[in-house]
Amino acid sequence: MVLLGMGTDLAIALLKFTAASATASASMFAEGMHSVMDLATEAILLYGLYAARRPANVEHQLGFGREIFFWNFIAALVLLALGAGVTLHNALRQVIHPRPLEDGWINYAVLATSFAVEAVITCYAIRSSRLMRLRHGIRRYLMEVRDVTSLTVLATSLAGLLGLAIATIGTVSGAAFHRPVLDGLASILIAVLMGLTALLLAGQSKSLLIGAAATEDTVADIKRAATGLEEVRSINGCLTVHLAAEQLLVGLSVSFSPGLDTAEVEAAVIKLEQAVKSCRPDVRFLFVRPESVETADRRRRLRGW
């Protein structure tokens, strides 16, 4: 999906900059910058995907999965600092010293073409994400999403469609009312849109970088797989953290059936690990703490959650 987005963004950016040069439209220039920043973001993510797949070594024994979270954060900063900053600068220049818009039909043709391409990419991004399968809408999706690559492509695609709509309104109104300042104001809105998109992506990456837990559904699957063993009396607690979008580190507090000796507990732990990883292949590391329900309750009270 990243490669598809890069190819379309490159083609669309060239069209937009050509139209901006021919028509003196600030909002079209803003849209060109929008596409360039999307392209840069996707290039950074592509490297992040490559870096995150490196095998674990002695210095990084849990692997490099979080590299993708780091590079997604860098991509968000690039989008905020360069994309929104340059666009805002050009927009203010058009507002303060407005230039008449020329050959408006070029803008309209490029905007229509860009909108059609962005619509296709956005539909593909929505289908590839979990958004369509959620019952609780976009807020639940943003709370649960751990695949920052899909989120970035989806967010930039949706922002691209909205940016095109803003650019269309700005160029049409600026030409119709002979007020090029309206084109500059539309460009300012596009800069703000780019900034908000960057902040959304940066916030999600920050949450994952400092250690976001698995979703409730994932934790429920892990507990269900563990309690299915006859040697397991109860699961007292489950701590999780994402090492990558599809990599989890899990710690289980387990109360085993009474009467098991050391060898039987060791065998039960092996069976438990096999059951959990069979149910949830994204569990990369599983640590088990055998302890009684009473000890686990005291630990939970001290922890406060």
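Every number here is computed from the coordinates shown, using simple stated rules; none is lab data. Everything numeric here is computed off the predicted structure, so don't read it as measured data. Cβ: placed from backbone, ideal geometry, glycine included. Neighbour counts: every protein chain shown.
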Can you work out the Karplus-derived ³J(HN,Hα) for every residue in region 247-264? Use 6.51 cos²θ - 1.76 cosθ + 1.60 with θ = phi - 60°, whole Hz, and x for glycine or proline. 9, 10, 9, 10, x, 10, 9, 10, 9, 8, 4, x, x, 7, 7, 4, 5, 5
May I ask you to list the aspartates and glutamates whose Cα is less than 19 Å away from that of Lys16, ignoring any residue fewer than eight positions away on the same chain? Glu31, Asp38, Glu42, Glu102, Asp103, Glu118, Asp183
Note, region 294-305: 3J(HN,Hα) by Karplus (6.51, -1.76, 1.60, θ = phi - 60°), whole Hz, Gly/Pro = x, goes 5, 5, 5, 5, 5, 5, 5, 5, 5, 6, x, 7
Folded to 0 to 90 degrees: helix 216-227 orientation relative to the chain principal axis, Cα: 20
Lys271: which lysines have alpha carbons under 20 Å from its alpha carbon, excluding same-chain residues fewer than 8 sequence positions away? Lys223
Can you figure out the FRET efficiency of Ala263 with Asn57, using R₀ = 22 Å and their beta-carbon distance, to the nearest 0.05? 0.10
Given R₀ = 22 Å, what would the calculated FRET efficiency be for Ile96 paired with Ile169, taking r from the Cβ atoms and rounding to 0.05? 0.60
Find the Rg to Rh ratio for region 216-303, where Rh is the Kirkwood radius over alpha-carbon pairs and Rg uses the same atoms. 0.96
In degrees from 0 to 90, rounded to the nearest 10, what is the angle of the helix 26-52 Cα long axis to the longest principal axis of the chain? 30
Which one, [x] 1.15; [y] 1.01; [z] 0.97, gives Rg/Rh (Cα atoms, Kirkwood Rh) as derived from the coordinates shown? [x]
In terms of modelled amide H atoms, which long-range or inter-chain residues lie less than 5 Å from the amide H of Val254? Asn236, Arg289, Glu291
Per-peptide average of other Cβ atoms within 10 Å, ordering 285-291, 77-83 highest first: 77-83, 285-291
Have a look at the DSSP beta bridges in the chain and tell me what percent are antiparallel, nearest 5. 60
Most to least packed among 65-76, 24-35 [average Cβ atoms within 10 Å]: 24-35, 65-76
Cα principal axis extents for region 1-101, largest first, Å: 62, 25, 12
Suppose R0 equals 45 Å. What FRET efficiency, 1/(1 + (r/R0)^6) with r the Cβ-Cβ distance, do Ala116 and Arg224 give to the nearest 0.05? 0.50
Among 215-224, 152-161, how do they line up by average Cβ neighbours within 10 Å per residue, starting with the highest? 152-161, 215-224
Which value in deg cm²/dmol, rounded to the nearest 500, describes the helix-derived mean residue ellipticity at 222 nm for the chain, given -39,500 (n - 2.57) per DSSP H run of n ≥ 4 and division by the residue count? -23000 deg cm²/dmol
